[in-house]
Amino acid sequence: MTKSLLLLLFSCLMIGSKLIAADPLASEGDDGYRLWLKYEAVTNPSIKAEYLRYTTFIGRSDKGEITQSASRELQMGLKKLLGKTVQETSSSASRSGGILFRIEPGAAAAQPAEGYHVQLSGGNIVIVSRSEQGILYGTFALLRHLQMQRPIKNLSIASTPKVRYRMLNHWDNPDGTIERGYAGASLWKWYELPERVDPRYEDYARANASLGINGTVLNNVNASARFMSQEYIEKVAAIANVLRKYGIKTYLSVYFAAPKTLGGLPTSDPLDPQVRAWWKEKVAQIYKEIPDFGGFLVKANSEGEPGPQDYGRTHADGANMLAEAFKAYDGIVVWRAFVYKADPNADRFKAAYEEFVPLDGKFDPKVIVQVKNGPIDFQPREPFSPLFGNMPKTPLGIEFQITQEYLGFATHAVYEAPIFKECLDSDTYVNGEGSTVAKVVDGSLHGYTRTLMAGVANTGNSRNWTGHPLAQANWYAFGRLSWDHQLSSEQILQEWVALTLTRSEKASEHIAALMLRSREIYVNYNTPLGLSRPWMGVHFAPEPWQNKGSRPDWTAIYYHRADSSGIGFDRTASGSNALAQYKPQVQQLWNNPERTPLPYLLWFHHVRWDQKLSTGRSLWQELCTRFYTGADSVLWMQQQWDLAKTSLDPMVFTDVAERLKVQRREAIWWRDAWVLYLQSLARQPIPAGFEPPKRTLEEVKQSVHVYLIR
């Protein structure tokens, strides 16, 4: 055999091996790629027989590409669930025993067009909606019902979205990296686009559509002007062509200074006529390639990003200039309220309120102001942002962080639905009792028609999408809550476990117990009693001693204010008075340290180490108890996971079990760092019953420092 033939044979073998590795069905076990769309076979004979009676055909008269996606998904799902091929037909008026798509534009006109009703009618399962998107969402609702092996008898599932724009914000960069990404590189392969469109984009779209997510911002809010170039607009258009088939609009984050850096103009002043003309031309250029383009997301005058304030203009000036460019189109401008100045005497907590509340009513109707759930920065626990309810003339969207920036990256199991719900269910008292954040966000409190819920995505090119297998539940929970914020954390988790991990009731109980407690366990060993920690340096490591930064609010000591007398940030009238930004009823809840609920105590008060708390322990003793019991509770999490082993796929079980071991080690690391550092200030003994750390404070500091060595 010649050398050239040997090389050719070797190349073919290598290509073949890569194809096999890429095939999810070729792997031994569940690699997590299918997410909650596994469609595992129905094994109960009576349930399967009932399902077979109503799946003899799919009746679809509409030829739109979204209903085509719905039909294709239904065919694939039924094939896997029931082991049968279900044919599509356009003539089904006199037949029974099938699934019908019925678009009725005039039905329930007062309801959102994306709503649906799945019901038994005339011997068929009928999915009714005013729109193609509603048919798609109803199809996924039916498939979810079948996957959970619920009965067809008396079938009636009706649902409408409570929020109009339900989107993921990707912090992906053109070089393939992801800011705060812990699941590999970016999904978007810019170097291949637009010629090659990765098949994974369609699976991403399917997963989002199954949850009701209808928008995707493809790139980082710390944006590159490159995305406004014709080259990249064509690349974005190739992705938009895939997402469109699943009712998902494409959005872009924009670099506010692009008219200068890309367009060559002498300024990016939003009131300059040339700048305004440049953006109008740019938006027209985008719509030429992407006719259903969703709009822009903007981070401006925050953390060094350029913005209208560079020219003495306001956030409203900047947002309205961009909104003007969308006047002839359906797109919107989402303007982030995450702003704060490098002022050592200021309280970052107050910054967004101070800058945006005076602008209420000055934004164009096409502008939505996107507000983080809390006033600081996606902490493990934060009070709700005081902006909510205080801008009644301006639509306020909410921004959650699905990716685990302050929640242990991809090695700690933290179920985030309780974080989302805690904020959404908080009462602002703006229009009296019951004025929840959710009612602000869904528009019902102030009559907003443009409403938005956004989540910073936790996806990457890891085979299982999210790195940690259990982190898939956070993507799922965000999507379900963006559709219906009244769902409970427990209900969402029950669905996700059944669709993704196991149908065993006993195993599900253990997994649910683990996940529902996971957030509190993490908070206990990480930031108990209202500590916060958005510091720089090693972003995932414990550095409560960190006191050097390019700005004061990028240090640890700025937030916890620990000294020899106590710890905590005084935000009452005797301190920064940030509490004054809330309504009196909320102030009353948090103003008195003796009555402030313990989870928020140190958010609002500097408390003495020896202050006795409602638990009967001093502050020092309570902190130590939380740090120790939190770290020890990870052992309990491991035990709960082990109890579900026999009902789990071996690959998934092993992956999570090994990550829980890492979590246990790092929880002890966090515990030791906090306890030893705070002990150096409090000069208090570690309470009886808790074994002192085996390492010194200097040794813990060195364990962090090693990550900074280059």
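The values are calculated or read from the model by the stated rules, or taken from the named source; none is laboratory data. Just so it is clear, the structure is predicted and the values come from calculations on it, not from any experiment. Note: ideal-geometry Cβ built from the backbone for every residue, glycine included; neighbour counts use all protein chains shown. Calculation scope for accessible area: heavy atoms of the full protein, side chains included, ligands and nucleic acids excluded. Shrake-Rupley method; radii C 1.70, N 1.55, O 1.52, S 1.80 Å.
Rolling a 1.4 Å probe across the protein heavy atoms gives the chain an accessible surface of 39 Å² per residue. Dipole check for the chain: with +1 at the C-beta of Lys and Arg, -1 at the C-beta of Asp and Glu, and the Cα centre as origin, the magnitude is about 880 Debye. Which residue, 291, 277, 252, has the largest displacement toward the positive end of the dipole of the stretch 183-311 when charges sit on each Cβ (Lys, Arg +1; Asp, Glu -1)? Among 291, 277, 252, the one farthest towards the positive end of the dipole of the stretch 183-311 is 291. Computed over every Cα-Cα pair of the stretch 493-543 and binned at 5 Å starting from 0, the pair-distance distribution P(r) comes out as 4, 17, 19, 14, 11, 11, 13, 8, 1 percent.
The Rg/Rh ratio of the chain, with Rg taken over Cα atoms and Rh as the Kirkwood radius over Cα pairs, comes to 0.98. With a simple spin-label model that places each label point 7 Å from the Cα along the Cα-to-Cβ direction, the separation between residue 636 and residue 564 comes to 3.8 nm. Across every pair of non-identical alpha carbons in the stretch 321-404, the mean reciprocal distance, once inverted, gives a Kirkwood radius of 13.8 Å. Using Cα positions and a limit of under 23 Å, work out the lysines in reach of residue 439, with same-chain residues fewer than 8 apart set aside. By straight Cα distance, residue 439 reaches 162, 350, 362, 366, 372, 393, 421, 583. Divide the volume of the convex hull around the Cα atoms of the stretch 520-559 by the residue count and you get 63 Å³ per residue.
Residues whose amide H lies under 5 Å from that of residue 58, counting only those 5 or more places away or on a different chain, are 87, 88, 89, 99; hydrogens are built 1.01 Å from N in the peptide plane. Between residue 696 and residue 504, the simple label model (points 7 Å from Cα in the Cβ direction) yields a spacing of 4.9 nm.
Taking the 0 to 90 degree range and rounding to the nearest ten, how far is the long axis of helix 315-325 tilted relative to the main principal axis of the chain, both from C-alpha atoms? The helix 315-325 is inclined about 20 degrees to the chain. Computed about the Cα centre, the dipole magnitude for the stretch 356-446 is approximately 240 debye when only Lys and Arg (+1) and Asp and Glu (-1) carry charge, each at its Cβ. Over the stretch 440-563, the fraction of Cα-Cα pairs per 10 Å bin, rounded to whole percents and listed from the shortest bin up, is 11, 26, 30, 26, 7, 0. Computing Rg and the Kirkwood Rh from the Cα coordinates of the stretch 402-450 gives a ratio, Rg/Rh, of 1.16. Computed on the stretch 135-293, with alpha-carbon pairs under 8 angstrom and 6+ residues apart, the relative contact order is 21 percent.
For the stretch 281-378, the relative contact order comes to 29 percent (Cα pairs under 8 Å, sequence separation of at least 6). The Cα center of the stretch 605-637 and the Cα center of the stretch 168-200 differ in position by 42 Å.
Computed over protein heavy atoms with a 1.4 Å probe, the carbon and sulfur contribution to the accessible area of the stretch 206-356 reaches 46%.
Among 593-603, 689-699, 128-138, the peptide with the highest mean count of other Cβ atoms within 10 Å heads the list, and the full ranking is 128-138, 593-603, 689-699.
Rg and Dmax of the stretch 147-262, based on Cα coordinates, read 17.0, 63 Å.
Report note on the peptides 376-387, 470-481: ranked by the mean count of other C-beta atoms within 10 Å, highest first, their order is 470-481, 376-387. Rounded if a/c is under 1.5, else prolate if a/b is larger than b/c, else oblate: which is the stretch 181-237, with a ≥ b ≥ c the root eigenvalues of its Cα gyration tensor? In terms of gyration-tensor shape, prolate.
Farthest towards the positive end of the charge dipole of the chain, among the residues 406, 541, 32, is the Cα of 32, using unit charges on the Cβ of Lys, Arg, Asp and Glu. Rounded to the nearest 20 debye, the dipole magnitude of the stretch 569-619 is 80 debye, with +1 charges on Lys and Arg beta carbons, -1 on Asp and Glu beta carbons, and the Cα centre as origin.
Size descriptors for the stretch 244-310: radius of gyration and Dmax over Cα atoms are 13.3, 41 Å.
Dividing the Cα radius of gyration of the stretch 581-710 by 2.2 N^0.38 Å, with N the residue count, gives 1.35. Using only the alpha-carbon atoms, how far is helix 650-682 inclined from the longest principal axis of the chain? Give it as 0 to 90 degrees, nearest 10. Between helix and principal axis, roughly 20 degrees. Relative to its residue count, the stretch 599-657 spans a Cα convex hull of 112 Å³ per residue. Placing dummy labels 7 Å off each Cα toward the beta-carbon, the span from residue 608 to residue 345 is 3.0 nm.
Each of 584, 560, 651 was scored by the projection of its Cα onto the charge dipole of the stretch 522-667, and the greatest displacement toward the positive side belongs to 584; charges sit on the C-beta of Lys, Arg, Asp and Glu. Contact order for the chain, expressed relative to its length and based on alpha carbon pairs under 8 Å spaced 6+ residues apart, stands at 11 percent.
The portion of the accessible surface of the stretch 450-523 made up by carbon and sulfur, rounded to a whole percent, is 46 (1.4 Å probe; DNA, RNA and ligands excluded).
Largest to smallest in accessible area, the residues 701, 661 fall in the order 661, 701 (1.4 Å probe, all protein chains included).
Per-residue packing, averaged as other Cβ atoms within 10 Å, sorts the ranges 241-247, 165-171, 82-88, 651-657 into the order 165-171, 241-247, 651-657, 82-88, beginning with the highest.
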